[in-house]
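**Q** Dropping the structure in here first, questions after.
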Amino acid sequence: MRCFLLLSTLLGVGSFAAGAEKYMTIQGTIKWKEAKPPAAVIIDVKTDAAVCCKAGPLESNRVEVDPKSLGVKNVTVWLRPDTDVRADTFPLDKIHPDLAKPKSVEHVIDQPKCQFEPRVIVARAGDTLVVKNSAAIGHNVNYSSDIESFNVNLPAGSQKKLDKPLEAQKSPIGVACNVHTWMEGKVRVFDHPYFAITDKDGKFEIKNAPVGKWRVVYHHEGGYHKGKEGLLGYPVELKGDKKTMEMDAVKLELPKP
């Protein structure tokens, strides 16, 4: 009887190990820390006001908080090694096989209403980028990354495609319009697939993340969550005990300007 029980126990352990997940989906939500969203910031439009303000006063889209869910849009979330060295890169041998050699994705930034849309883009190295101008007025695009820079005028209906594929870099790439100086955008490029950007309700999802101990980083255009404290991210352990892990909601704390 004792041998039978021992064998049953070992088989049970083996079954659990065999059923454990090697990769998981991470889901989460970034919310505004206050009970109400921040007050709208009205832009002082001095150039092409008749077009830019045709639908009413132009509001800044730098910080977008949904009034019902209090979700914060355009927060970039990513995984990094569980280390205190910022330069450490994500280990290639931990990347899911289906994500190891991805197809290039073409990202598009447009400027239809005197704002960059989307304002923030997250991409993977090897992707491409096109900046369009579907507005009835001319715009300018000032773009500067570690490998390619340009400052060109975009007449109405025109576009500019980057000459080279995107390459990963530690800092976000700035995009600006020198004609309409309030227009700003960001492009962040990663050398791995474990990143996401929050939607209008502050929700994000990272698929096929490897089990193990990692750190999760939250970055908004206004800075890292809790400032310098969040530079290296916060510990998270993916145990493989289920296919999807719902993380606790994070109340975003941005450093003071």
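The values are calculated or read from the model by the stated rules, or taken from the named source; none is laboratory data. Everything numeric here is computed off the predicted structure, so don't read it as measured data. Note that we place each Cβ from the backbone using ideal geometry, even for glycine, and neighbour counts take in every protein chain shown.
**Q** If you scan the range 125-142, which residues turn out to be under 19 Å from the mean Cα position of the chain (by Cα) and in contact (Cβ under 8 Å) with a residue 40 or more places away in the chain? Spell out the reasoning first.
**A** Keep residues of the range 125-142 that are under 19 Å from the mean Cα position of the chain (by Cα), which gives 125-131.
The answer is Ala125, Gly126, Asp127, Leu129, Val131.
**Q** Can you say whether Gly202 is of a type outside the set (D, E, K, R), out of contact with any Cys (no Cβ under 7 Å at 6 or more places or on another chain), more than 30 Å from Ser69 (Cα to Cα) and at pLDDT 95 or above, as far as the supplied structure shows?
**A** Working: of a type outside the set (D, E, K, R): yes; out of contact with any Cys (no Cβ under 7 Å at 6 or more places or on another chain): yes; more than 30 Å from Ser69 (Cα to Cα): no; at pLDDT 95 or above: yes.
In short, no.
**Q** Mind counting the residues in the range 21-50 that are under 30 Å from Pro255 (Cα atoms) and buried (at least 16 other Cβ atoms within 10 Å of the Cβ)? Working first, answer last.
**A** Quick first cut of the range 21-50, residues under 30 Å from Pro255 (Cα atoms) only: 25-46.
The next check asks that each one be buried (at least 16 other Cβ atoms within 10 Å of the Cβ); those that pass are 25-26, 28-32, 37, 43, 45.
Within the range 21-50, residues that are under 30 Å from Pro255 (Cα atoms) and buried (at least 16 other Cβ atoms within 10 Å of the Cβ) number 10.
**Q** If only one of Lys22, Lys33, Lys68, Lys54 is basic (Lys, Arg), at pLDDT 95 or above and out of contact with any strand residue (DSSP E or B) (no Cβ under 8 Å at 6 or more places or on another chain), which one is it?
**A** Numbers: Lys22 fails: out of contact with any strand residue (DSSP E or B) (no Cβ under 8 Å at 6 or more places or on another chain); Lys33 fails: out of contact with any strand residue (DSSP E or B) (no Cβ under 8 Å at 6 or more places or on another chain); Lys54 fails: at pLDDT 95 or above.
Residue meeting the stated conditions: Lys68.
**Q** When Asn208 is evaluated against the numbered criteria (1) in the same structural domain as Phe116 (by TED's automatic domain parsing); (2) surrounded by 14 or more Cβ atoms within 10 Å (Cβ to Cβ); (3) on the phi > 0 side of the Ramachandran plot, which criterion, by number, is the only one it fails?
**A** Every listed condition holds for Asn208 apart from (1).
So that you can scan it fast, the table gives a plain yes or no per residue for (1) of a type in the set (A, V, I, L, M, F, W, C); (2) under 14 Å from Cys177 (Cα atoms); (3) assigned to a loop (DSSP other than H, G, I, E, B); (4) in the same structural domain as Lys251 (by TED's automatic domain parsing):
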{"residue": "Pro57", "(1), (2), (3), (4)": "no, no, yes, no"}
{"residue": "Asp93", "(1), (2), (3), (4)": "no, no, no, yes"}
{"residue": "Ile109", "(1), (2), (3), (4)": "yes, yes, no, no"}
{"residue": "Cys114", "(1), (2), (3), (4)": "yes, yes, yes, no"}
{"residue": "Ile121", "(1), (2), (3), (4)": "yes, no, no, no"}
{"residue": "Val131", "(1), (2), (3), (4)": "yes, yes, no, no"}
{"residue": "Ala135", "(1), (2), (3), (4)": "yes, yes, yes, no"}
{"residue": "Asn142", "(1), (2), (3), (4)": "no, yes, no, no"}
{"residue": "Asn153", "(1), (2), (3), (4)": "no, yes, no, no"}
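**Q** Restricting attention to the range 51-94, and to residues there that are over 18 Å from the mean Cα position of the chain (by Cα) and of a type in the set (Val, Ile, Thr), which single residue is surrounded by the fewest Cβ atoms within 10 Å (Cβ to Cβ)?
**A** Of everything passing the filter in the range 51-94, Val85 is surrounded by the fewest Cβ atoms within 10 Å (Cβ to Cβ).
**Q** Condition check: touching a strand residue (DSSP E or B) at 6+ places or on another chain (Cβ under 7 Å) and within 28 Å of Asp98 (Cα to Cα). Does Val187 satisfy that?
**A** On the way: touching a strand residue (DSSP E or B) at 6+ places or on another chain (Cβ under 7 Å): yes; within 28 Å of Asp98 (Cα to Cα): yes.
Yes: the conditions hold for Val187.
**Q** How many residues, within the range 59-86, are in a loop (DSSP other than H, G, I, E, B), touching a residue at least 12 places away in the same chain (Cβ under 8 Å) and aliphatic (A, V, I, L, M)?
**A** 3
**Q** State whether one or more residues within the range 167-183 are outside any strand (DSSP E or B), within 21 Å of the chain's Cα centre (by Cα) and among the polar types (S, T, N, Q).
**A** Step one: list which residues in the range 167-183 are outside any strand (DSSP E or B), which gives 167-172, 177-183.
Restricting the remaining residues to those that are within 21 Å of the chain's Cα centre (by Cα) gives 167-172, 183.
Retained after the next criterion (residues that are among the polar types (S, T, N, Q)): 169, 171.
Yes - at least one qualifying residue is present in the range 167-183.
**Q** So, one more: Can you report the number of residues in the range 217-257 which are over 21 Å from Val65 (Cβ atoms) and touching a Leu at 6+ places or on another chain (Cβ under 7 Å)?
**A** Summing the residues that are over 21 Å from Val65 (Cβ atoms) and touching a Leu at 6+ places or on another chain (Cβ under 7 Å) in the range 217-257 gives 1.
**Q** Would you tally the residues in the range 209-252 being touching a Lys or Arg at 6+ places or on another chain (Cβ under 8 Å), in a loop (DSSP other than H, G, I, E, B) and either among the polar types (S, T, N, Q) or under 27 Å from Val187 (Cα atoms) (or both)?
**A** 6
**Q** Would you please list the contacts, defined by Cβ atoms under 7 Å and residues six or more apart or on different chains, that run from a residue in the range 163-179 that is under 18 Å from Leu231 (Cβ atoms) to a residue that is among the basic types (Lys, Arg) and surrounded by 13 or more Cβ atoms within 10 Å (Cβ to Cβ)?
**A** Pro172/Lys186; Pro172/Arg188
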